[in-house]
Structures are given as structure tokens and as C-alpha cells.
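The values are calculated or read from the model by the stated rules, or taken from the named source; none is laboratory data. Computed from a predicted model, the values in this text were never measured in an experiment. Here the Cβ positions follow ideal geometry from the backbone for every residue, glycine too, while neighbour counts run over all protein chains shown.
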Amino acid sequence: MGSWEKSFLQFLDSPVRLGLAVLSAILLLFFIIRLGSIYFFLRLIFLNLTRNLVRTGLTAVASFMLVFVVTLVWTILWFLNLVTSEKSKDFKAIVSERWQIPSQMPFAYQGALSEGAPAMEGDFKVDSSRDAMTWQFYGATIDPTKRTRESILFFFCMEPLKFTKMMDGMDEFTPKQVEQINHWCEEMVKDKRKVILGKDRLQAINKRVGERLKLTSFNYKDIDLEIEIIGEFPESRYNQSGIMNRDYLNDAVDAYNRKKPLKHPLTAKSLNLVWLRLPETPIFQQVEKQISESPSFTAPAVKIETAASGVATFLDAYRDLLWGLRWILAPFILATMALIIAVAISISVRERRKEIAVMKVIGFLPRQILFLVLGEAILVGALSGTASSLGTYFLINDYFGGIKFPIAFFPVFLIPGDALWWGTAIGVGTGLAGSLFPSLGACRIRVSEVFSRIS
């Protein structure tokens with residue numbers, strides 16, 4: 001199967017996109033059958049729109065800007081809905097401490113948890129070399145005398161070779177970029193001091209690839225590390241983050257414990273999360289039972305949940321903001337678009353009452369007049385919406401590198417490919433809604449009433 005065939009099947013995988021494809025095919029067939037009459041009416045629609053270019057242009061510009069804003073809002077909501085939607089196959093699960101946030105578990109847990117805690121014959125065993133990953137969080141500043149947001153670095157400490165295999169968001173990178181990241185990760189295994197940082201974080205601390213830094217930690221007190229920046233993440237959700245070899249942190253804690261009479265306070269609680277990739281829901285339920293019933297994880301107790309559930313819980317703090325975006329801002333903008341189009345079309349119909357009366361006299365049917373008025377609004381909405389979605393996609397993704405609107409641990413949101421049809425759908429929908437009543441009014445114009453006023 002070729003790549004274009006796979007892309008086509010992926011496009012049709014969504015019921016919404018499938019419905020749009022079927023509707024488009026029907027409209028195309030109708031257009032071909034009625035090509036002559038449609039051309040005649042389209043020509044009339046264009047002539048009517050060009051009569052008052054200022055009004056048409058202002059309506060189009062207003063629609064363009066409003067579609068732009070709606071696309072930005074829907075992008076954020078679309079992505080958050082995507083990461084909080086449960087999958088039935090090939091999904092990730094998160095193991096964390098049950099009763100505390102942030103999660104802090106003994107690093108000794110990682111071996112058994114990475115395998116799903118199998119205890120007896122028949123238990124499911126996770127392939128820890130491929131389908132498991134641990135997270136430890138290391139926060140530090142490069143300026144211990146004046147700790148500011150611009151001087152802070154935050155690292156995910158993990159096994160570097162698992163980064164591109166287990167972390168989310170790899171689809172944001174090109175194959176060449178993934179290959180480059182894998183090369184950096186291999187270098188991090190050879191030299192534990194090497195790290196990768198996000199583009200925005202490098203700019204904030206005013207450092208470049210190749211520089212060496214001394215870090216003063218604020219969560220691992222007295223565990224200060226020297227690092228070398230080996231690479232910079234391409235534009236992605238990792239713009240503000242960094243990754244570090246977990247062995248570098250753990251070796252530093254062990255070295256501290258050998259030199260000091262008392263162990264470091266985080267020695268027994270340095271493991272924050274364990275990620276597991278599981279093939280299907282029944283396997284998740286089995287692994288959940290294995291971990292929950294294991295006597296090895298009682299001090300502290302642990303829990304396991306799907307990644308989607310974990311992210312949804314974390315986003316609970318943003319619930320009111322997201323509710324406002326979804327149910328207040330976006331509908332208000334759509335209603336504003338429909339109102340703008342309704343006002344423009346109403347003015348146009350009022351100015352052309354005599355013309356519409358003449359059209360009825362010479363044989364135009366009410367449904368044909370309805371088609372003409374609706375067509376004007378739908379055409380303006382569709383063209384401005386399509387232009388807006390295309391412009392938004394390339395401007396935001398290619399020029400600005402995504403929407404810089406940090407929510408939780410998602411610092412940037414890229415406009416999805418689906419947004420390319422959002423603008424057209426919004427333009428057509430609001431054009432239809434806004435012009436429905438004015439067009440019905442145009443159909444009901446009485447010839448006798450119009451000419452009686454003239455006489």
C-alpha cells in the first residue's frame with residue numbers, strides 16, 4: 001500500500017471527515033450534472049458581490065479574522081481532547097504514588113514496576129527494554145544568587161535511548177530530526193553530563209549548543225551538576241524542557257551518600273513516574289491488578305492509570321478556563337460571524353428589492369432567488385474561511401512555531417491538519433446561518449408591493 005493510500009485511509013478514519021468526503025462527492029456530482037445552470041447563477045452571485053466591494057471586503061476580512069481566532073481556540077481544545085481521550089489499543093499507562101502529588105517513590109520500585117509487577121505464572125510481563133520508561137524530575141538554576149524564571153532549567157531524567165520510542169509528540173518531528181535526536185541520545189549514554197534543551201529555554205537563559213553550565217538544584221538540595229548542552233530540540237512541545245541521563249542524577253546522589261553521614265533526603269523517593277506501553281485494555285486491567293495487589297508497593301502505595309486519565313486529572317486545574325474557551329468564547333465568535341454576514345446580506349437585499357421584483361416578473365422562481373442570496377453569503381464565508389485556515393496553518397506552524405499558550409506541561413500547540421477544513425466549514429456554516437432569514441425575506445418580496453411604491 002502506497003503512502004497516499006495510507007493517508008487517504010487515515011483521512012476517512014474519522015466519521016466527520018468521512019461525512020464531509022461523501023457530501024463533497026455528492027455536491028461535485030450535482031455540480032457536474034447542472035454545470036450550465038450553476039455557472040449562470042455563480043456569475044450572477046459574483047456580479048452581486050462586486051457591486052459594493054467595500055462591504056463585501058469588510059465582511060470577508062471580519063470573517064477571516066474571526067475564523068483565525070476560532071482556529072486558535074479549537075486547536076488548543078482539539079489537542080487537549082486528543083491527549084485525554086482513552087485509546088483501546090497501544091496506549092500508555094502511568095504508575096505514580098497513590099496519596100501524594102508530586103509523586104515520590106523509591107527508585108528500587110522501578111525494576112518491578114517496569115515489568116508490570118508479575119508475581120506468578122500467567123501474569124503479564126511488560127518488556128521493560130522497549131515498553132517501559134522512568135521519569136525523575138530535576139530542577140535547577142544557573143544563577144544561585146538570583147533565581148529567576150529566565151535562569152531556571154527543568155529536566156526529565158530518563159534513559160536517553162527510550163526518548164524517541166516512548167515519549168509523546170514524536171509525530172511533530174521529521175524523520176531526519178528523530179534521527180538527529182537519537183544520535184544525541186547515544187552521545188548522552190557515552191557522556192552522562194550531556195543534555196538536550198528546548199529552543200525557548202535556550203533563548204531564555206541566553207545559551208547555545210556546545211556550552212557548559214553549572215547547575216544549582218532547588219529540589220535536589222546540594223546535588224549540583226555540571227552539564228554540556230549537546231543539542232537543541234526542534235520546534236515542539238519540548239521547547240521549554242530538557243532531558244538528562246537518569247544515571248547522571250542517580251550517580252550524583254550515590255556519591256553524596258558516600259561522602260555524608262546522613263543520606264540525601266530524596267534517596268528513598270527519587271522516582272517520580274513509571275510509564276508503561278500496553279497493547280490493549282484487558283492487558284491494562286491485568287497489569288493494574290498485578291501492581292495494586294503486589295505487597296512490594298505499600299510504603300508508599302502506588303496507583304496505575306491510563307495516560308489519558310492522568311493528563312485529564314492534571315488538567316483539572318484548568319477546567320474553568322477550558323470550559324470558557326469551549327462554551328463561551330468559541331460560540332460567541334461564531335454567533336458574531338453569523339451576525340456580521342446577516343447584517344451585510346440584509347442591507348444588500350434591501351437595496352435590491354426592485355431588482356428582485358423584476359427578476360420575479362421575468363420568471364425567476366423563489367427558490368432560485370433563495371439560492372442566489374444564500375450563495376452570496378456562503379461564497380464569501382467559504383472563501384474567507386478557507387483563506388483564513390490556510391493562512392493560519394502556515395503562519396502559526398511555520399513562522400511562529402505554534403501557539404505559545406502554556407497549559408500544564410504543554411507549552412506550545414501546533415495547528416493540526418484538520419484545521420485546513422475547519423475554516424471552510426465555519427465559513428459555510430455561519431454564512432448559511434447568517435443569510436437564512438434575509439434570503440427567506442427576499443423570496444417573499446411581493447412584486448405588486450414594490451411597484452406600487454414606485455408609482
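Within region 411-424, the set of residues being surrounded by fewer than 18 Cβ atoms within 10 Å (Cβ to Cβ) and either at pLDDT 90 or above or not in a helix (DSSP H, G or I) (or both) comprises 416, 417, 418. Looking at region 164-177, can you tell me whether even one residue there is aromatic (Phe, Trp, Tyr), assigned by TED's automatic domain parsing to the domain that holds residue 286 and at pLDDT 90 or above? No, region 164-177 contains no residue that is aromatic (Phe, Trp, Tyr), assigned by TED's automatic domain parsing to the domain that holds residue 286 and at pLDDT 90 or above. Within region 296-316, the set of residues being farther than 18 Å from residue 271 by Cβ, of a type outside the set (D, E, K, R) and without any contact (Cβ under 8 Å) to a residue 24 or more places away in the chain comprises just one member, 313.
Working only within region 156-187, note down all residues that are closer than 25 Å to residue 272 by Cα, part of a helix (DSSP H, G or I) and of a type in the set (Asp, Glu). The answer is 186, 187. Scanning region 221-232 for residues that are in contact (Cβ under 8 Å) with a residue 60 or more places away in the chain and closer than 19 Å to residue 159 by Cα yields a total of 1. Of the helices (runs of 4 or more DSSP H) lying entirely inside region 1-89, those containing at least 3 residues that are modelled with pLDDT of 70 or more are 15-33, 35-49, 53-83.
One residue alone among 437, 400, 451 is of a type outside the set (Val, Ile, Thr), closer than 30 Å to residue 317 by Cβ and surrounded by fewer than 19 Cβ atoms within 10 Å (Cβ to Cβ), and that residue is 400.
Annotation: residue 326 fulfils all but one of (1) closer than 27 Å to residue 312 by Cβ; (2) of a type outside the set (A, V, I, L, M); (3) free of Cβ contacts under 8 Å to residues at least 24 places away in the same chain; the unmet one is (3). The sole residue among 335, 268 that is part of a helix (DSSP H, G or I) and not β-branched (Val, Ile, Thr) is 335. Within region 349-371, the residues that satisfy the criterion of being assigned to a helix (DSSP H, G or I), more than 23 Å from residue 61 (Cβ to Cβ) and either modelled with pLDDT of 90 or more or among the hydrophobic types (A, V, I, L, M, F, W, C) (or both) are 356, 357, 358, 359, 361, 369, 370, 371.
Just one of the listed residues (196, 142) is at pLDDT 90 or above, surrounded by 14 or more Cβ atoms within 10 Å (Cβ to Cβ) and in contact with a Ser or Thr (Cβ under 7 Å, 6 or more places away or on another chain), and it is 142. For region 218-250, taking the residues that are of a type in the set (S, T, N, Q) and modelled with pLDDT under 95, the one that is farthest from the chain's Cα centre (by Cα) is identified as 219.
Can you find, within region 102-127, the residue that is nearest to residue 200 (Cα to Cα) among those that are within 32 Å of the chain's Cα centre (by Cα) and surrounded by fewer than 19 Cβ atoms within 10 Å (Cβ to Cβ)?
Ranking the qualifying residues of region 102-127, first place goes to 102.
Here is the figure for region 145-164: residues that are surrounded by fewer than 19 Cβ atoms within 10 Å (Cβ to Cβ) and of a type in the set (A, V, I, L, M, F, W, C) total 3. The residue that is farthest from residue 201 (Cα to Cα), among those in region 240-265 that are free of Cβ contacts under 8 Å to residues at least 60 places away in the same chain and outside any helix (DSSP H, G or I), is 261. Exactly one residue out of 153, 215, 202 is out of contact with any Gly (no Cβ under 8 Å at 6 or more places or on another chain), touching a residue at least 40 places away in the same chain (Cβ under 8 Å), more than 26 Å from residue 84 (Cα to Cα) and not in a loop (DSSP other than H, G, I, E, B), and it is 215. Could you say whether any residue in region 304-326 is closer than 16 Å to residue 111 by Cα and of a type outside the set (S, T, N, Q)? Checking region 304-326: at least one residue is closer than 16 Å to residue 111 by Cα and of a type outside the set (S, T, N, Q).
When you scan region 396-403, do you find a residue that is within 18 Å of residue 173 (Cβ to Cβ), part of a helix (DSSP H, G or I) and either assigned by TED's automatic domain parsing to the domain that holds residue 235 or not aliphatic (A, V, I, L, M) (or both), even just one? Checking region 396-403: at least one residue is within 18 Å of residue 173 (Cβ to Cβ), part of a helix (DSSP H, G or I) and either assigned by TED's automatic domain parsing to the domain that holds residue 235 or not aliphatic (A, V, I, L, M) (or both).
Using the structure shown, decide if residue 118 is under 25 Å from residue 401 (Cβ atoms) and at pLDDT 90 or above. Answer is no for this residue. Against the criterion of being loosely packed, with under 13 Cβ neighbours inside 10 Å, of a type in the set (A, V, I, L, M) and either in a helix (DSSP H, G or I) or more than 26 Å from the chain's Cα centre (by Cα) (or both), residue 345 does not qualify.
For residue 235, indicate whether it is in the same structural domain as residue 203 (by TED's automatic domain parsing), in contact (Cβ under 8 Å) with a residue 60 or more places away in the chain and part of a helix (DSSP H, G or I).
No.
Evaluation of residue 77 against the conditions (1) of a type outside the set (S, T, N, Q); (2) surrounded by 14 or more Cβ atoms within 10 Å (Cβ to Cβ); (3) outside the structural domain of residue 384 (by TED's automatic domain parsing) shows that the sole unmet condition is (3).
In region 348-362, what residues are among the hydrophobic types (A, V, I, L, M, F, W, C) and farther than 13 Å from residue 376 by Cα?
The answer is 356, 357, 358, 359, 361, 362.
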